[in-house]
1. Quick check: is even one residue across region B:65-82 of a type in the set (Lys, Arg) and either under 25 Å from residue B:317 (Cα atoms) or free of Cβ contacts under 8 Å to residues at least 40 places away in the same chain (or both)?
2. Failed condition for residue B:20, given (1) buried (at least 21 other Cβ atoms within 10 Å of the Cβ); (2) over 22 Å from residue B:154 (Cα atoms); (3) among the hydrophobic types (A, V, I, L, M, F, W, C), with all others met?
3. Looking at the structure I just gave you, is residue A:152 in a helix (DSSP H, G or I) and among the aromatic types (Phe, Trp, Tyr)?
4. Of the residues A:228, A:221, A:236, which is at pLDDT below 95 and either closer than 15 Å to residue A:306 by Cα or in contact with a Cys (Cβ under 6 Å, 6 or more places away or on another chain) (or both)?
5. Looking at A:140, A:135, which is the one that is in a helix (DSSP H, G or I), touching a Cys at 6+ places or on another chain (Cβ under 9 Å) and not hydroxyl-bearing (Ser, Thr, Tyr)?
6. Based on what the data block shows, is residue A:97 part of a loop (DSSP other than H, G, I, E, B) and of a type outside the set (D, E, K, R)?
7. Within the bounds of region A:24-41, is there any residue that is outside any helix (DSSP H, G or I), farther than 26 Å from residue A:445 by Cβ, in contact with a strand residue (DSSP E or B) (Cβ under 9 Å, 6 or more places away or on another chain) and facing chain B (nearest Cβ under 8 Å)?
Amino acid sequence: MRKQERRALICLALAMVLFAGLCVFTYRFVKDGSRWAGHYGNTQIYVDGSINRGTVTDRHDEMLLNCTSDGLEYSDDWTTRVSTVHAVGDGKGNIAAGAINMFAGQLIGYDILNGTYDTSAHGKTIQLTIDAKANRTAYNALDGRTGTVGIYNWKTGEIMCMVSTPSFDPAEGAPEDSEESIYFNNFLSGAMTPGSIFKLVTAAAVIDNMPDRDKFSFECDGVNQYGDNEGTEFRDIDEHGEVDFRQALAVSCNGAFGELSRELGGRTLKKTTDKVGLSKSLEFDGIETAAGSFKFPTDDDIRLSWAGIGQGQDLVNPCTMMVYMGAIANGGEAVKPTLIKSTSFIDEIRGPKTLGEYLEVSTAAELKDMMKNNVVENYGEDNFPGLDIYAKSGTAETGGEDSDAWFVGFTDDEEAPYAFVVWVKEGGSGASVAAPIASRVLQALQANNYYE
Amino acid sequence: MTTVFRWLFVVLAAYILLIAIVSLLTSRATPEIWGYFMVEDGGNFPITHWENVIGRSKSTDLNIPLVTVSNNQAILSRYDAEHWVLKDIGSENGTFVNGQQLDANKRYMIGSGDEIVMGGVYSTVAPPSIEESKNNEVMRRMDKEPVAPWKILLAITAFQAMTVVQLLLSMGEEITVGVVASFMILTAVMWAYVSFFKARGRKGFEMEMIAFFMSTINLAVTTSFNPTDTVKELIALLIGVALMIFMCVYLRDLDRTRKLRPALLVLAIAALFVNLAFGRAEFGATNWIRIGSMQMQPSEIVKVAFIVLGAGTLEELYDRRNTIMYALFSLYCLGCLALMNDFGTALIFFTTYLVVSFLRSGDFSKMVLTGVGAAAMGLMALKFRPHIASRFAAWGHVWDAGIVDDAGYQQTRAMSMGAGGGLLGLGAGNGSLKDVVASNTDLVFGFVTEDWGYIIAVLLVLCIITLSLFAVMSIVAGRSTFYTICACGAATMFMVQTMLNVFGSIDLFPLTGVTFPFVSTGGTSMVASWAMLAYFKAADMRRNASLAVNREEVWYA
């Protein structure tokens, strides 16, 4: 009998396995319960594939989407629907990062105690951080062109405006398939040639690595032939004449920045690009952005020069670029974006989530100063009434019919600290096409949210 | 109303099960003393089991630490109050009784005072004196008694009444008179059972309380899934309870039970054969047969026989023939189940076989060899059985695109809607998982989580774990290895079944489609679960606790 006593411990081992499995399940139940319950397979809350409870509003409680057991009710206003659909999402899950998909757990009022048991059966309200009015303004400003406008508060991380075009009206039902990639969110998932806005990265590398940058000087003849080979001209729109570092950024001199890139070398440029978060994808609220991609050859001066001015094989994601702009504004520290307005007291105390130090304080200060100089010297402060704006334009050659227009930067205002990115595909000149869009949306945003 | 009920259900369930569980795990039995083994110059050893190994090895029950004594010298088994049976199991220097050497592996009746010589040492067996018996009796009386059943009984009754109200609230007119009557009959049977055996001096009812509670959840799940099945399920439950009582009474007599085994062996072989010949395929496995309008799963009933056929007295464990018979029978069962394509049940039988063989032989290497061989065979089976292979392929990836609505459909739905239940559940009858195939059987853990909440679902698993812990603990005071192997075998079966069922539905293991004991809907499964409970009852050696054990005589008024 005593032998059996010992051998019976094997039953205890089985009991342990069962108990351990229960523990694993418990862990997952706590961690993933919300995601599980919000899955479209849950027929408790999905009727004919559509979620049946919950409301999505903008930051000012403007209703964007009402989920009912009779189906999805969107805003009455067409422009609102079209301009917010990439943030709100559609019922069929075509827009992967839409709130209805990403935050289904919160939308249905899931909590671990009650599950989806909802006595009112109306679900919960998710307040997005976006401003519907600014989204409408941005959509109208894009005026039918393909592009994106992304703006966030670089202090709190709240995304104030997120528009991607082409778009569609979710109330009309989602079109089966679209060549025009209406479901594609350029802001989160795009990766485009940055053009001259990348000079803000090269400039940061210069500030960090070239102590004698004040002595830098370049004679721009508008053609800027490098070496004797053909196809090695770093043309500029104008003949800039003699420019220093600061002036080179203000007039966006390709010749000067080509030379600076060669002086820095591929490794240094890569290091800075990685440091300011442009080569990685960004993750927030469970959403993952596209990652940029860059090639900085160490053995090919020509291609290195192109890479240093945002051409060549450079591709940047607009959202990560916006966050970099926020970092410059915020003394080098980047704040993680978010799309959900925090309702939790704890989150308020904890404050915004930092992504760490993108730049040193002094580097950020110098860049900021240069970006102001850009506006004063080049874009004209009058074009941005009421805004304390710091910016850089870009006109990216993509081989398309026209160049892509970029305008990135930030405003520095205690009440309205916004970092922004505007991209218009084949829009032409950044300063003349993208900058006015930024100006219009920022003004709308500021008017709507000042002293909120 | 449901909002309030959800809390009450959880509180009641926790109250019922925690009291029963704590009582089972804290009330320990002091071993009974059946006689004394007196060794010359070695002292007196109380004999606390019906079956004892005598030898030099430390793991023997009666230990004589002398080099002249073999590791396992002989087995001493109780015959009756006066007589014992002694059997030399191939000792080196032989065993002598009153000067005569015993033939190895032959049984000899001995009485108190007979002179036993092993390895040159004199010893005798003596009955316990009245004084010592009284002391032991006093000791046993001082043991913590099982908790009185009445409070739990009231709590379960309240739980059952509330369940009916909740089902009426959630399902309204779908709830037939039959459903309400079924719950009322369950309550009545529960009270009758406890009152009857309590009046006959039995004290331990925790295991039955646990089983009645789990059966209540079963009826609720069955009703929620399809109210017209409730009456059928209740009938199965009643048959199960009756079978359990019968088995308990039958198991009291060890010899009687042992004599029944050849008949059981034939029946089990026949049942599986009939299943193979006339079986019907359902969800991939051909494990159903139809008799008239009745359907049943013979393999569920064979489970019950499989346990008792694997058990053996200590003497039988040292008998090679007995072991080979058991191995052959197991192989036959596994072969049949493989042909039926019932992978899950085969896994249950196989694991139980491994554990029971280990309990019998203790030969770990043999067990490992068997395990490896079987695993290789299992892999081959995978190769030839595409539907099992696809389940293994989906395992761990059920949420992936392409799998989530295909091979992972059932698991993801069980997890998704289960999570929707939260900790408290949506209320019986309110769940949506019922629209998924086999949700009331294979996915019942998800079903319970959605309807009743995570807490109750987990408590149900803890019930199974508790029964198993109790089975292991009971060995200390066990009379015969026969009973302890039965209890441990039944515990293994319950646990493996629960593991496959629960882990399968939450993607910790491929979904194999086996039932959760007591909880899954299914008549045969319900009958088998109750019948298996008899094995646990037979191992309950707490004083006058179990109806499966003869009452102790009162030594003094």
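The values are calculated or read from the model by the stated rules, or taken from the named source; none is laboratory data. None of the values given here were measured: they were computed from a predicted structure. Virtual Cβ from ideal backbone geometry, glycine too; neighbours counted across all protein chains shown.
1. yes
2. Only one criterion in (1) buried (at least 21 other Cβ atoms within 10 Å of the Cβ); (2) over 22 Å from residue B:154 (Cα atoms); (3) among the hydrophobic types (A, V, I, L, M, F, W, C) is unmet by residue B:20, namely (2).
3. Spelling it out, it is not the case that residue A:152 is in a helix (DSSP H, G or I) and among the aromatic types (Phe, Trp, Tyr).
4. Going through A:228, A:221, A:236 in turn, the sole match is A:236.
5. Going through A:140, A:135 in turn, the sole match is A:135.
6. Details: part of a loop (DSSP other than H, G, I, E, B): yes; of a type outside the set (D, E, K, R): yes.
In short, yes.
7. yes
Matching residues to (1) within 8 Å of another protein chain (Cβ to nearest Cβ); (2) modelled with pLDDT under 95:
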residue: B:432; (1), (2): yes, yes
residue: B:438; (1), (2): no, yes
residue: B:444; (1), (2): no, no
residue: B:452; (1), (2): no, no
